[in-house]
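The next block holds one structure in the form of C-alpha cells; read it before the comments.
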Amino acid sequence: MTHIFVNIPTSDLERSKAFYTALGAGINPLFTDENAACIVWDENVFFMVLTKEYFATFTDKQLADPKTHAQALIALSRDSREDVDRILEAGLANGGTEPTEAKDYGFMYSRDLDDPDGNGIEFLYMDPAAAEQGPDAYLAEQAQA
C-alpha cells in the first residue's frame, strides 16, 4: 500500500493545525511536536506541516516563500461539488484565500485555496464516469445523449 506524505512549510504551526482541522482533517499526535504536525486527510494522505526552520533541515536548497512562489500545487478530490464548496468556505473562514475563480469543466469542478502561509491546495470533484472513461470519451458520450 502506498501512502503520500506532503511536506509543507509554515511560519506558525499552531495556526496551521487550527486551519487544517477546520477543513475537517485530523492530527496524528504520534507524529506531532513543536516542529511538525501530521495532518491526516484519510488513511493514505497526510500533510506534514513543518516549521520553516525544521523544513530547512531536510534540504540544502533555498526555501521558496509560498506566498510569492509556486513550487507545487496539491490537488485533493472531494465526493461532490458541494463538498468542494464546503471545504473552501471553511478555509476562507479560517484565514485561507481563494487565489483564482472556481473552474467548472462540466465533468470536473475545482476551486483553489491558499492556506495562511500561501501553500496552494486545489479541491476538486470529478464525475466518476469521466474519471473512468477519460474526459474526452465522457464529453463525447454526453454530446450524443
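The values are calculated or read from the model by the stated rules, or taken from the named source; none is laboratory data. These numbers come from a predicted model, not from an experiment. Cβ coordinates were reconstructed from backbone atoms using ideal geometry, including for glycine residues, and neighbour counts include every protein chain displayed.
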task: Taking L50 as meeting all but one of (1) touching a Leu at 6+ places or on another chain (Cβ under 7 Å); (2) among the aliphatic types (A, V, I, L, M); (3) closer than 16 Å to G120 by Cα, write down the number of the exception.
output: (1)
message: When the residues of region 99-145 are narrowed to those that are under 19 Å from the mean Cα position of the chain (by Cα) and among the hydroxyl-bearing types (S, T, Y), which ends up farthest from L50 (Cα to Cα)?
response: Y109
message: Restricting to region 90-111, and then to whatever is under 17 Å from G24 (Cα atoms) and touching a residue at least 24 places away in the same chain (Cβ under 8 Å), can you tell me which residue is surrounded by the fewest Cβ atoms within 10 Å (Cβ to Cβ)?
response: A93
- prompt: Looking at (1) polar (S, T, N, Q); (2) modelled with pLDDT of 95 or more; (3) closer than 14 Å to P116 by Cα, which is the one condition that is false for T68?
  reply: (2)
message: Checking I39 against (1) more than 21 Å from G95 (Cα to Cα); (2) modelled with pLDDT of 95 or more: exactly one of these is not met. Which one?
response: (1)
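Could you tell me whether region 83-97 includes any residue that is modelled with pLDDT of 95 or more, among the basic types (K, R) and more than 30 Å from L139 (Cα to Cα)? Walk me through it before giving the result.
Here is the first cut: in region 83-97, the residues modelled with pLDDT of 95 or more are 83-97.
Restricting the remaining residues to those that are among the basic types (K, R) gives 86.
Next, from what is left, pick out any that are more than 30 Å from L139 (Cα to Cα): none.
There is no residue in region 83-97 that is modelled with pLDDT of 95 or more, among the basic types (K, R) and more than 30 Å from L139 (Cα to Cα).
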- prompt: For residues in region 115-139 being surrounded by 15 or more Cβ atoms within 10 Å (Cβ to Cβ) and without any contact (Cβ under 8 Å) to a residue 24 or more places away in the chain, which is nearest to F19 (Cα to Cα)?
  reply: D127
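Out of curiosity, is D117 farther than 22 Å from D127 by Cβ and assigned by TED's automatic domain parsing to the domain that holds E141? Explain how you work it out, then say what you get.
Values: farther than 22 Å from D127 by Cβ: yes; assigned by TED's automatic domain parsing to the domain that holds E141: yes.
Considered against the rule, which asks whether it is farther than 22 Å from D127 by Cβ and assigned by TED's automatic domain parsing to the domain that holds E141, D117 comes out as yes.
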statement: Per the filter on region 65-80, residues farther than 21 Å from F19 by Cα and surrounded by 12 or more Cβ atoms within 10 Å (Cβ to Cβ) are none
